[in-house]
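The values are calculated or read from the model by the stated rules, or taken from the named source; none is laboratory data. Fair warning: this is a prediction, and the values are worked out from it, not measured in the lab. All Cβ positions, glycine included, derive from the backbone under ideal geometry; neighbour counts span all protein chains shown. Areas reflect the complete protein model, heavy atoms only, side chains present, ligands, DNA and RNA absent. Shrake-Rupley method; radii C 1.70, N 1.55, O 1.52, S 1.80 Å.
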There are 4 protein chains.
Amino acid sequence: MMKRIAVFTSGGDSPGMNACIRAVVRTAVYHGIEVYGIMRGYSGMINGEFVKLDSASVSNTVQKGGTILKSARSQKFLTKEGRQQAFDQLVNNGIDGLVAIGGNGTFTGAMLFEQEFGIPTVGAPGTIDNDLYGTDYTIGYDTAVNTALEAIDKIRDTADSHDRCFFIEVMGRDSGYIAIPCAIGGGAEIVMIPETQMSTDAVIDTLRAGWKRSKTSFIVIVAEGEEEGSATIVASKVKEAIPELDTRVTIIGHVQRGGSPTAADRLLGSQIGIAAVEGLMNGMRNVMAGIVDRKLVYTPFTDTIHKKKLINQSFMRMVEILSV
Amino acid sequence: MMKRIAVFTSGGDSPGMNACIRAVVRTAVYHGIEVYGIMRGYSGMINGEFVKLDSASVSNTVQKGGTILKSARSQKFLTKEGRQQAFDQLVNNGIDGLVAIGGNGTFTGAMLFEQEFGIPTVGAPGTIDNDLYGTDYTIGYDTAVNTALEAIDKIRDTADSHDRCFFIEVMGRDSGYIAIPCAIGGGAEIVMIPETQMSTDAVIDTLRAGWKRSKTSFIVIVAEGEEEGSATIVASKVKEAIPELDTRVTIIGHVQRGGSPTAADRLLGSQIGIAAVEGLMNGMRNVMAGIVDRKLVYTPFTDTIHKKKLINQSFMRMVEILSV
Amino acid sequence: MMKRIAVFTSGGDSPGMNACIRAVVRTAVYHGIEVYGIMRGYSGMINGEFVKLDSASVSNTVQKGGTILKSARSQKFLTKEGRQQAFDQLVNNGIDGLVAIGGNGTFTGAMLFEQEFGIPTVGAPGTIDNDLYGTDYTIGYDTAVNTALEAIDKIRDTADSHDRCFFIEVMGRDSGYIAIPCAIGGGAEIVMIPETQMSTDAVIDTLRAGWKRSKTSFIVIVAEGEEEGSATIVASKVKEAIPELDTRVTIIGHVQRGGSPTAADRLLGSQIGIAAVEGLMNGMRNVMAGIVDRKLVYTPFTDTIHKKKLINQSFMRMVEILSV
Amino acid sequence: MMKRIAVFTSGGDSPGMNACIRAVVRTAVYHGIEVYGIMRGYSGMINGEFVKLDSASVSNTVQKGGTILKSARSQKFLTKEGRQQAFDQLVNNGIDGLVAIGGNGTFTGAMLFEQEFGIPTVGAPGTIDNDLYGTDYTIGYDTAVNTALEAIDKIRDTADSHDRCFFIEVMGRDSGYIAIPCAIGGGAEIVMIPETQMSTDAVIDTLRAGWKRSKTSFIVIVAEGEEEGSATIVASKVKEAIPELDTRVTIIGHVQRGGSPTAADRLLGSQIGIAAVEGLMNGMRNVMAGIVDRKLVYTPFTDTIHKKKLINQSFMRMVEILSV
C-alpha cells in the first residue's frame, strides 16, 4: 500500500505537464496518499530537492506552459553512484513510488533504477514529439502542432502577399508527427518527413511544375529530422535549381515547446496523471500510462522504448490530394 | 460513375467546415469529377444558387472560420414541393451526388430526399456540439472547446483577483461534450451537464463546503442544455442560498461557433471531406463519414439520427478528483 | 526621504496591473527603498494584509492577467473608523508612501486619507474603461479592446455565414472608448455609445436601408453605458421593427477584464509603475501618473476625478465613412 | 478635382495594410471618387495590373494580415523607361492621384515619379519596423511587437523550466523599436539594439553577475540590426566565455510580418487611409500621412526619407531598472 509518492518531470518540457502534475497531486490527495514534487528530474532526486505538495500547491497551474517542477538532464544518474544517491534520498524522504513525466530517456532511467533498487515507477508520456509507443498522443503534442500552425498561418499571409516559396522547419525529432498536420492544416504544397524517402529532386520537380502553371506562392514543411537535411539546406538546393523562385526559410523553433496547453493537452495530462497514481496504487511498475483509441492502457517501458509508433501512411496521400 | 457532385453546408456553422469543403473540392478534382458549391444549404438548392468550384476556389480557406458556402435554414425544403424544386435544380445542373456538411437536421432532409428522388448523399458531421453518433468528434468541436477554454482562462484571472464565484455557460445543445473538457481544463470546481442529475442544492452544498474551508474563488461550468436551468437561474438560486458569495454570470455565446479552426478540426475536416467524395464514388448513400478510434467509418443516417452518443462517465469522476 | 512604501490594487482588475506592480517593486529596489504589497486594496490595508516584496516576488508576473495583490471593495474604508485602522496598520508597518493602482474611486479614497492622515499617495490608472482624465490610455484598455475585437472577429464568421444581424455589447462604463475601436476594427456598420445621441430609430433606419440594398449581415456595437438601453433591448426593438432580420445578441462580458496583457499595456504599466515610485521619491502626493502625448505627466487627483476625458469626435465620422 | 485614384502596397507587407486599403476605398466611395487597386506595387503599375474596387471589394478584409493587393519589388521602376510605362498605364486608366502604402523605398520612387510626370502621391506608413519619421507608429508595428512578445512568452516557459539562457532575435532593420517593448514586456534581462553601444563583453559581465547570484534563466533580446552581430553570433561568444550557461538561440523571423492586425493597427490603418484620400482631395502631394501625438500630420517625403526618428532613450533605463 502506497503511503507517499513523488512526481517529477524530466527531458524536454512540454505544455500540459503541469496539468499532469496537478492531476497526480490531487489524485494522491483524493486517495489519502502523501505526495512530493522532485525539482529538476533525476538531478534533483540525487540532490534531494523534494517539495511537499498539496491540493493548493497546484491551484491555477493547469493553464500554464512549462513545468513547475522544472526539468534538467542528469549525467550523474547515468552512473551507479548517482542512482545510489537518488535511492538514498527517496528512502530518507519515505517515498514508496514515483510518477515520471517525460520520454524514453526518462523511462530507461526509471526502469534501470527499479531493477537496481526496486522503487516502482509509472510513466506519463510528456513530450511534444508524439513519438512514444503506447499512446495515441503524447502530452504537449496537440499544443505544439497548434503553435506551429498559427505561425504557418502568419507566414502564409506574407508568402501570398509576395509570391514567395517558404521552407518552414517544424520540430518532431525523428518523426513527422508534427509536420504532417502542419502541412495538411497549413495548406502546404509539400511535406518532407523522416518516415518517407522524398528526395530534394522530387521537391524541385513539384515546385517547378507548380511554377509553370502560374502558381506563385508555396509552402514546404520540413520536419527537423528529415534525412535530406534541414529546411535551410533544402531551400538552398531548390534556389540553385529554380533561381526565379523567391525562397525564404523559417525555423519555428523553441516556441513549439511552450505556451498555454490546448484543451486536448490539459485533458490528456489530467487523464494520465490520474491513471499514473491509480496504477501505482494497483501495484504497477515499469509501465507508461497512455490513451489508445480513447481507452486507458498501461504499456511496459520495454515496449515504449523498443517499439516504434508508425505514422499513418494515409496522411501522405492526404497531402498529395489536398495540394492538387 | 459520378461525373459531377455538389457540396453544401447546412444548420449552424462550425470551424473546420471550410477545411472540409476544400477537401471535397480537391478530392473531386483529383479524381476528375466536377464539383459545384451550393450556397445557403437547402435554401440555395431550391433557388438554384450553384457555383462551379475548382482547386483555386478553395485556396487560402483552410484556416477560415464560418463557411464560404454560407448556411441557412429552409422551411421550404420541409415541403414536398420545395424538395421537387431542389431536385429539378440538381437535374438541371447535372448533379449526380451530394456532400452535405451539417448535423442531424441536415441528414434527415438528405435521407428523405434520397428516398423521394434517388440522389445519393454522403454526410459530414459539421457541428460544434459533438452530439452525433458515428464519429468520435465532430468538425468544429475541438475549436469550440478551445475558444470556450480561452475565455474561461481570462475569467479566472478576474475570479481569482476578486474572490468571486463565476457561473459560466457554454454551448452544447443537449449534451455536456463542450462543458466537460472546459471544466477539467479550466480548473472548475463544478460542472452541470444534461447527462447527469446534479441538483442546484448539491451545487450549493459544494460551494458552501468550499467557502467554509476558506476557498474564495470558484468556477462553475453550466452546459446550455442543463435541466436545472441556465447559468443565470442557477446563479440566482445560489446567491439566494449563500448571500456572502460574490457571484457573477458569463454566457460565452456565439464566439464558440467562430474563429480559425484548430489543427485537429482542420485535419478532421480534411479527412472527412476526402472520405465523403470517395464514399460517393464507391456507391455509398445515406451515410455519414466519421472517424471512430482513428479509423474511417461510414454510419447510416438512421443510426446517426436515432442512436445517442454517450458521454464517457469517467469524465465526471475526473472533475470530482481534480477539484479536491 | 522615503524608506518604505506599499503598493495595492483596488477596484476592478485590469490586464497590466501586474506589470505595474512589478515596476513599482523593482524601481523601489533599484533606489534602495523597501516595498510591501497590500492584499485586497483598502480592505487588506485595514486588516493588515501586508506582504514584503522583493525583486524575485514579481518574477514571471509581467505577462499575467488579473492582479497578484488581489482587489476588493471596502465599505469600511468609507468610514472614519476604518481609515483610522488603515492608518494604524501603515504606521505599524512603517510605510511612508503608497502607490494606488485603480480608478477614481480608489483615488478619492486616497485623497481623503491623505487629508486626514498625511500619508502621500501617487496613483496609477488601472482600469479597462480608459475613462480617466490625465492619461491618454489606462492600463488594461488596449488588452480589453483586443479581447473584444477577437470575439467580434469570431462572431463575424457566424454573422457572414448566416446572413445575420449581431448586436454585440462591449464594456466601458459611461464611455465609448472600448466600443469605438471595436466598431472601426471589427467592421461594424453601427456603433452606439453614451457620448452621442443615436436613437434606436436611427439604427433601424440604417439597417433597413442596408437590407433594401441587399446587405444581409450586420454588426452593431453597443457600449454597455448606452442610454438607449442594453444590446438586448436595442435588438428587441429592432426585431420588432424589421422582423425579417435574423437578429442575435452577444454580451462579451467579463472576458474583457482578463487575459495576458498586450505589449502596449505591459509597457504602459511599467512606465507608470516607475513614475509612481519616482514621483513619491520627489515628494509628490495626490497625483496620478499618466502618459499624455508620449510624455509622462502627473495630474492632481482632483482633476482626474472632476474633469472628463472627451472622446475624439472624429472617430464617429470614421465609423460612418468606413461602413459606406 | 480628383475623379479617379489608385492605391497600391509596396515593399515588405505589414498587418493593417488591408485596413488601410479598405479605408482608402471607402473614403473614395464616400466622396464620390472612383478607386482602383494596383496589384504588386510599382511592378503591377508598369504591367497594367489595375482592378476596379468598390465598397464590397474590401468587405471582410479589415482583420486580414498581408495585403490583398500583393506587394513586390520592381527593378524596372528604377529606370526612366519603367516609370514612363507606369505613367502611360496611369494615363490609360485615367488615374489622377495615388495612395502609396509602404516605406521610404516606396516614397522615394513616388517622389521621383511626381517630379518627372506630375502624378501626385500621398503616402501611408506601412512597415512593421516603425522607423519612419513623421508618425509615432507605423501600420503593422503594434502587431509585430505583440506577435514577437507572444513568442517570447512561450520561450520563457521553456527557459524557466530548464534554467536556460535564450538569445532571441527580433526584427526591426536598423532600429530597436521592436526589440525595446519586447524586452520590457517580455521580462528580458538584456536588450541589444543598433542605437546603443552595448558590447558583447558587457552582456557577458551582466550574465556572469546574474549567474553568481544564483539566477539561472535569462532572456536576451537582440535586434536584427545589432552591430555586435546576430543573436547566433552573440550567443556563441557568450557560450565561449561562460561555458556553464545552457544557451539557446531563437530567431522569431517572418511570423512577425503576418497575422491578423491588432486593434491599434486596424485603427491606425483606417485613420491614415482616410487621411491619405482626403489629403489628395485637398491638393497634397509628396507627403506621408501620419499620427503624431494623436493628431493627424502630413510630412513631406523629403523629411520622412532624410530625418531619423530617434528612439526614446528612457526606454533603455527602463530595461535596466526592471531587470534589477
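For region D:1-118, what does the alpha-carbon gyration tensor say about shape, rounded, prolate or oblate, given a ≥ b ≥ c as the root eigenvalues, a/c under 1.5 as rounded, and a/b over b/c as prolate? Intermediate values should be presented prior to the final figure.
Details: a/c = 1.95, a/b = 1.29, b/c = 1.51.
Here region D:1-118 falls in the oblate category.
For region B:209-303, the set of GluC sites (Glu not before Pro) satisfying both a DSSP loop assignment and a count of at most 11 other C-beta atoms within 10 Å is given as B:E244. Taking label positions 7 Å along the Cα-Cβ direction at both D:D96 and D:E116, the computed distance is 2.5 nm, reported to one decimal.
What number results when the radius of gyration of region B:219-324, computed over Cα atoms, is divided by 2.2 N^0.38 Å?
1.56
Within the accessible surface of chain B, defined with a 1.4 Å probe on protein heavy atoms only, the carbon and sulfur portion equals 51 percent.
Over 23 Å between Cα atoms, which of A:K76/A:K309; A:K295/B:K308; C:K308/D:K295; B:K154/B:K237; B:K64/C:K64; D:K215/D:K237 qualify?
Beyond 23 Å: A:K76/A:K309; B:K154/B:K237; B:K64/C:K64.
The mean sequence separation of alpha-carbon pairs under 8 Å and at least six residues apart, normalised by the residue count of chain A, gives a relative contact order of 24 percent. In straight-distance terms, cross-link reach from D:K212 covers every one of the lysines whose alpha-carbon lies under 18 Å from its own, apart from those fewer than eight places away in the same chain; here that gives D:K239. Between A:S314 and A:S59, the C-beta separation translates, for a Förster distance of 45 Å, into a calculated FRET efficiency of about 0.60.
Convex hull of alpha carbon positions in the protein assembly as shown: directionally averaged projected area 47.3 nm².
Normalising by the residue count of region B:1-92, find the relative contact order in percent from Cα pairs under 8 Å and 6+ residues apart.
36
Placing unit charges on each Cβ (+1 for Lys and Arg, -1 for Asp and Glu) gives chain C a dipole about its Cα centre, and among C:P120, C:P261, C:T304 the Cα reaching farthest toward its positive end belongs to C:P120. A straight line joining the Cα centroids of region D:28-80 and region A:58-130 runs 59 Å.
Using a 1.4 angstrom probe, figure out how much accessible area region D:281-324 has per residue, in square angstrom, rounded to the nearest whole.
Accessible area per residue, region D:281-324: 55 Å².
How about region C:41-86: which trypsin sites (Lys or Arg not before Pro) there are in a DSSP loop, with at most 15 other Cβ atoms within 10 Å of their Cβ? Answer in residue order: no site qualifies. Entry note: chain A has Rg to Rh equal to 1.06, where both radii use alpha-carbon atoms and Rh is the Kirkwood radius. The alpha carbon centroids of region A:247-324 and region B:148-162 are separated by 28 Å. Put simply, chains C and D cover up around 3800 Å² of each other's accessible surface, both sides summed, when a 1.4 Å probe is used.
Subtracting the Cα-Cα distance of A:K52 and A:V292 from 0.36 nm times their residue separation leaves 83.2 nm of extension gain.
Let me know the shape class of region B:157-209, please: from the alpha-carbon gyration tensor, a ≥ b ≥ c as square roots of the eigenvalues, rounded when a/c is under 1.5, otherwise prolate if a/b is greater than b/c, or oblate. Because a/c hits 1.5 or more and a/b fails to exceed b/c, region B:157-209 counts as oblate.
Axis angle, to the nearest 10 degrees, between helix C:231-241 and the longest C-alpha principal axis of chain C: 10 degrees.
For chain A, the longest principal axis of the alpha carbon atoms and the long axis of helix A:17-30 meet at an angle near 30°. When the charge dipole of region B:172-324 is built from unit charges on Cβ atoms (+1 for Lys and Arg, -1 for Asp and Glu) and taken about the Cα centre, the candidate among B:A231, B:G290, B:T216 whose Cα reaches farthest toward its positive end is B:G290.
FRET efficiency for the pair B:T108 and B:N282, taken as 1/(1 + (r/R0)^6) with r the Cβ-Cβ distance and R0 = 30 Å, rounds to 0.80.
For region B:143-257, a crude dipole built from +1 on the beta carbon of Lys and Arg and -1 on the beta carbon of Asp and Glu, taken about the Cα centre, is about 260 debye to the nearest 20.
Straight-line cross-link reach from B:K80 at under 14 Å between alpha-carbon atoms covers these aspartates and glutamates, not counting any fewer than eight positions away in the same chain: B:D88, B:E114, B:E116. Entry note, chain D: the mean residue ellipticity at 222 nm calculated from DSSP H runs of n ≥ 4, each adding -39500 (n - 2.57), is -13000 deg cm²/dmol after division by the residues and rounding to the nearest 500.
Rg and Dmax over the alpha-carbon atoms of region A:104-228 stand at 18.6, 66 Å.
Run the numbers for A:I242 and A:L78: contour at 0.36 nm per residue of separation, minus the present Cα-Cα distance, in nm.
So the chain would gain 54.1 nm between A:I242 and A:L78.
Pick out, in residue order, every one of the trypsin sites (Lys or Arg not before Pro) in region D:229-324 that is DSSP loop and has at most 12 other C-beta atoms within 10 Å; say none if there are none. Sparse-neighbourhood loop trypsin sites (Lys or Arg not before Pro): D:R294, D:K308. The long axis of helix D:263-281 is offset from the longest Cα principal axis of chain D by roughly 30 degrees.
C:T232 to C:D205: FRET efficiency via 1/(1 + (r/R0)^6), r the Cβ-Cβ distance, R0 25 Å, to the nearest 0.05?
Efficiency, from the Cβ-Cβ distance: 0.75.
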